[in-house]
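Taking it in order: structure first as C-alpha cells, then the write-up.
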Amino acid sequence: MPDYLDSCIFCQIVRGRIPATIVYHDERATAFRDAHPSAPTHILIVPNQHIESLTELEDVELAGHLLQVTRQLAKQLGVENGYRVVTNVGADGGQSVLHLHLHLLAGRKMTWPPG
Ligand code: 5GP
Ligand code: ZN
C-alpha cells in the first residue's frame, strides 16, 4: 500500500478512516468542513486520489470537476453574498496539508490582499 494512504490525513478522510463532516462525495472528489474554520462557512474540496498540490494537477477533467463541485456547493450552501476559493501551494503559499484542496470560504466579508 502506498505510504501516503497512511500518512496523509486527507487520504484518510476520503476513505472514511478518520472522521470529518462530509458535505459531498462522489467517485472523484470529496468535500468536508475544515476542522479549524477561518470563516462561518469553510469547506475543503479534495480529489479522492492523492495529488500533492495544484502543481501536480495535470488531469484537466479532474480540475474542472473540482471547480464544478465547488460552485455547486456554494449554491447549495446559499452563500449568495459571495465567497472565496483559495488553494495554497507549497511552503511559501502557506500549504500545510500536502494533498490538493480548494478552500471554499464564505459567511463574512473577505479582505484583500490576503496575508
Ligand atoms: P492549508 O494550510 O494546507 O491550505 O489548509 C489545510 C486546512 O486543513 C487547514 O485549514 C486546516 O484547518 C485543515 N485541517 C487540517 N487537519 C484537518 C483535519 O484533520 N480535519 C479537517 N476537517 N480539516 C483539517
Ligand atoms: Zn492524500
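Checked against the criterion of being modelled with pLDDT of 95 or more, within 20 Å of Lys109 (Cα to Cα) and either touching a strand residue (DSSP E or B) at 6+ places or on another chain (Cβ under 6 Å) or not hydroxyl-bearing (Ser, Thr, Tyr) (or both), the candidates Ala63, Ala74 yield just one match: Ala74.
Test Gly115 against the stated conditions and say whether it is modelled with pLDDT of 95 or more and away from ligand 2 (no atom under 15 Å from the Cβ). Criteria not met by Gly115. A Cβ distance below 7 Å, combined with a sequence gap of six or more or placement on separate chains, defines the contacts here; from the stretch 88-110, residues that are on the phi > 0 side of the Ramachandran plot reach residues that are not in a loop (DSSP other than H, G, I, E, B) in the pairs Gly107/Thr41. Does Leu98 count as within 21 Å of Pro114 (Cα to Cα) and either more than 15 Å from ligand 1 (Cβ to nearest atom) or surrounded by 12 or more Cβ atoms within 10 Å (Cβ to Cβ) (or both)? So Leu98 fits the description; yes.
A single entry from Ile45, Ile18 fulfils the requirement of being of a type in the set (Val, Ile, Thr), under 29 Å from Arg108 (Cβ atoms) and in contact with a His (Cβ under 8 Å, 6 or more places away or on another chain): Ile45.
Assessment of the stretch 16-34 against the conditions (more than 14 Å from ligand 2 (Cβ to nearest atom), without any contact (Cβ under 8 Å) to a residue 24 or more places away in the chain, closer than 15 Å to Val97 by Cβ and surrounded by fewer than 18 Cβ atoms within 10 Å (Cβ to Cβ)) yields at least one matching residue. Just to be sure before I move on: is Leu44 assigned to a helix (DSSP H, G or I), of a type outside the set (Phe, Trp, Tyr), within 15 Å of ligand 1 (Cβ to nearest atom) and under 12 Å from the mean Cα position of the chain (by Cα) in the structure I sent? Answer is no for this residue.
In the stretch 50-62, the qualifying residues are those that are under 25 Å from Asp92 (Cβ atoms) and exposed (fewer than 14 other Cβ atoms within 10 Å of the Cβ), and the one that is nearest to ligand 2 (Cβ to nearest atom) is Glu56. Scanning the stretch 56-91 for residues being under 15 Å from the mean Cα position of the chain (by Cα), assigned to a helix (DSSP H, G or I) and of a type in the set (Val, Ile, Thr) gives a total of 2. Residues of the stretch 2-15 that are more than 8 Å from ligand 2 (Cβ to nearest atom) and closer than 16 Å to Ile45 by Cβ: Ile13 alone. Could you please let me know if Gly82 is away from ligand 1 (no atom under 15 Å from the Cβ) and in contact (Cβ under 8 Å) with a residue 12 or more places away in the chain? When the stated conditions are applied, Gly82 passes them.
The values are calculated or read from the model by the stated rules, or taken from the named source; none is laboratory data. Here the structure is a predicted model, which is why all the values come from computation and not from measurement. Note that we place each Cβ from the backbone using ideal geometry, even for glycine, and neighbour counts take in every protein chain shown.
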